[in-house]
Every structure is written in structure tokens, then in C-alpha cells.
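Everything below concerns the one structure shown next.
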Amino acid sequence: MKCRKCREAAVIEIRRHNAAFCRDCFLEHCNRQVAKAIKEHDMCLEREHILVAISGGKDSLALWAILTDLGYATSGLYIDLGIGEYSERSHKFAVDFANTRNLELKIVDLTEDAGFDVSGGARSSHRPPCSVCGISKRHWFNKVASEGGFDAIATGHNLDDESATLLGNLLHWQVEYVARQGAVLPATNDGFVRKIKPLIRLGERETAAYCVLSGIDYIVDECPMAAGNTGLAYKAALSVLEDFSPGTRQMFLGGFLSHGRERFFGADEEVRLVSCRVCASPTPAADDAECAYCRLKPKSRHSGFSDG
Ligand code: AMP
Ligand code: FES
Ligand code: ZN
């Protein structure tokens, strides 16, 4: 197998592009795919300051490396969710990456701020752990980005993640979620910072290869709370289709974003937002003006936000 660009020996084949690449041309290919996604969806401008949500996994670390390579001004944000050894190890990968590249990493400790970790919060609120985790992450992404004056928050959601989410939403006809699923969620006047997903043109096999080939160490284990998650079954189903017909995921998600999604506009009701009476974050007025995160918290805790 030869590299499509330089004809040297290839190290990776990407069937949906009908191409193989050597190491250097593959890394360049990944950068180009991210630049293309950013341009195609007007995610951000060159001079903007981006907060990159870093989990310590392959996607978010590859994303941080690529955005930096493309010349964006970035800072990272790691949220320590208190998930035992998994959090300790992912925390270390995030810090090591930032130190090696001399990048700023902000760190939030959920246990310090909220008074409970993800499983404790799940027990006391009778919510699934992933729901407590999601509420907490969304809260801190927006809070750190808006208080830090960032133009956008970038997450490492990739082609496999986004196509599996789309499949799940369509299987259940959750049309309001379908209408809201995008590569960019614009900023709102009521305090939501723009959210962007620059990896939507790269699959997780590619982000893993990007890390391995560029010497980035990342946490390989999945979150222990994710076992049995239906999202994993949707990913597996799409893998079968992708093996059978390479490009299925890209066609499914790309087609949805370019002309399917607009058909669902209006399916999500306009929600009037107010400032949370505890933390001032935007929240639906209908929720008694207390955001989902503050409702999870025991009262009178201090903030655990620090620059690390
Ligand atoms: P997940 O929801 O775990 O699939 O993660 C999706 C994206 O959310 C990751 O690619 C990261 O950008 C971000 N993320 C996940 N966990 C964390 C964390 N502990 N701290 C900061 N960002 C995170
Ligand atoms: Fe959130 Fe596992 S990362 S529950
Ligand atoms: Zn709040």
C-alpha cells in the first residue's frame, strides 16, 4: 500500500476516502479535515480564542493538537469528575499534554465544587451517573468559557459519536433533539457560549491513529460508567454498516447536517431562559430559576474553579 499523496509506504488505510497515507501525509490529512469542517460549518474565525474541553482521551487531545497546529489560540479545560482511578489517570494525561506543549489547562474539581462525585450525585439525585456527569460538564464548559471571555467551546465529538447520537435520536423519534443536533450551536444572548465540534469529519480510529503517530499519550480505557450504554450499541450497528459500505457514517451525518436537519427546525420549542438564582448560568424559566447543576448541589458550597 502506497501513500496517496507522496507514494511512500502507507501506514493507514481509510476506506471511506479510498486512500492510504504515510505518517506525515496522514497527520496533514487530519489537519485538513478539521480545517474543512470548521470552514464548512462556520465554526470559528482565525483570531478567536477557543476553550477546548479535554477528557484525557484520544479525541480531545488530538483536537487540541490539531487546533494548535492550525494556529488557533486555545486553552484547555479538564473537569475532574471524581470517577476513581479513571479520573486520576485521565487527569494526568491532560496535564502531561498541556505541560509538554506549554499550553494553558484550566482544571475544575467537581467534588470540591459540588460536594459530591458523579456516583454520589447519581445516588442522591436518583439520576443515572451519565446524566449527572453531562449536566456538570455542560455547566462548567459554559461557565469557564463565558467568565474567561472565550469565543467558543470545542469538544472532541467525532464522526462516530455524532452519527451514533443521530441514529439514537431518530430511532426514538426525539425530533426536538434532532433539531438541536448540530456541528455548531450558536451563542445566545442569554449567556450560552458557542459550542463547536471540529472533529465531525474524523472517525475514532483516525483520532486514535493521530495520537499514536504523533506521540500523544491518552487514556485508552472507556469511562467505567459507560458500560452497557445504548450509545455503544448504536456505534456497533453503524460499524457493521460502515464495514459493508465505507462512507455510510459520513453520508448519514454529513447529509443530515447539510440538508436533513433543517427539516426538523421548529420541532424544538423555544424556551425562555433566565439567570439561575444561585450561579447566574442561563436556565429555563420554567425550572423555578435554578439550573439543573445547582439543583444537584447541596447548598452553601464554594467554587472549586482554579487555573492549573
Ligand atoms: P463524552 O461525552 O465522554 O463522549 O465526551 C465528549 C467530549 O466532551 C470529549 O471529547 C471532550 O471534549 C469533552 N469531555 C468529556 N469529558 C470531559 C472532562 N472530564 N473534562 C473536560 N471535557 C470533557
Ligand atoms: Fe461521564 Fe463517564 S464520563 S459518566
Ligand atoms: Zn445554577
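Throughout, read-outs are computed from the coordinates displayed, never taken from laboratory work. These numbers were taken from a predicted model, which means no experiment stands behind them. Cβ placement follows ideal geometry from the backbone for every residue including glycine, while neighbour counts extend to all protein chains displayed.
Observations
- Each other residue within a Cβ distance under 11 Å of residue 63 adds +1 if Lys or Arg and -1 if Asp or Glu, for a net charge of 0.
- Computed label-point distance, nm, for sites residue 46 and residue 190 using a 7 Å Cα→Cβ extension: 3.7 nm
- DSSP-defined beta bridges in the chain - what % are antiparallel, rounded to 5: 45 percent
- The range 238-296 - charge dipole about Cα centre, Lys and Arg +1 at Cβ, Asp and Glu -1, debye rounded to 20: 100 debye
- Pairs of alpha carbons in the range 64-163 separated by more than 24 Å make up 28% of all such pairs.
- For the range 232-298, diffusion coefficient by Stokes-Einstein and Kirkwood Rh (Cα), 37 °C, 0.692 mPa s, µm²/s: 213 µm²/s
- Equivalent ellipsoid semi-axes - Cα gyration tensor, the range 154-233, angstrom: 25, 19, 12
- Packing around the peptides 78-90, 155-167, taken as the average count of other Cβ atoms within 10 Å per residue, puts them in this order, highest first: 155-167, 78-90.
- Under the criterion of Cα pairs below 8 Å and six or more residues apart, the relative contact order for the range 25-167 equals 27 percent.
- Surrounding net charge for residue 161, when Lys and Arg each add one and Asp and Glu each subtract one, Cβ distance under 13 Å: 0
- Pairs exceeding 26 Å between alpha-carbon atoms, taken from 92/137; 39/195; 58/235; 5/39; 106/235: 106/235.
- Residue 10 long-range amide H proximity, modeled H, under 5 Å: 2, 3
- For the range 1-62 versus the range 242-291, the gap between their alpha-carbon centres in whole angstrom: 26 Å
- For residue 281, distant residues with modelled amide H under 5 Å away: 276
- Enclosing the Cα atoms of the range 1-125 in their convex hull gives a volume equal to 164 cubic angstrom per residue.
- Solution diffusion estimate, µm²/s, Stokes-Einstein, the chain, Kirkwood Rh from C-alpha pairs, 4 °C, viscosity 1.567 mPa s: 64 µm²/s
- Under a 5 Å amide H cut-off, with hydrogens placed 1.01 Å from N, residue 273 pairs with 285 among residues at least 5 apart or on other chains.
- Sorted largest first, the principal axis extents computed over the alpha-carbon atoms of the range 157-308 equal 52, 42, 29 Å.
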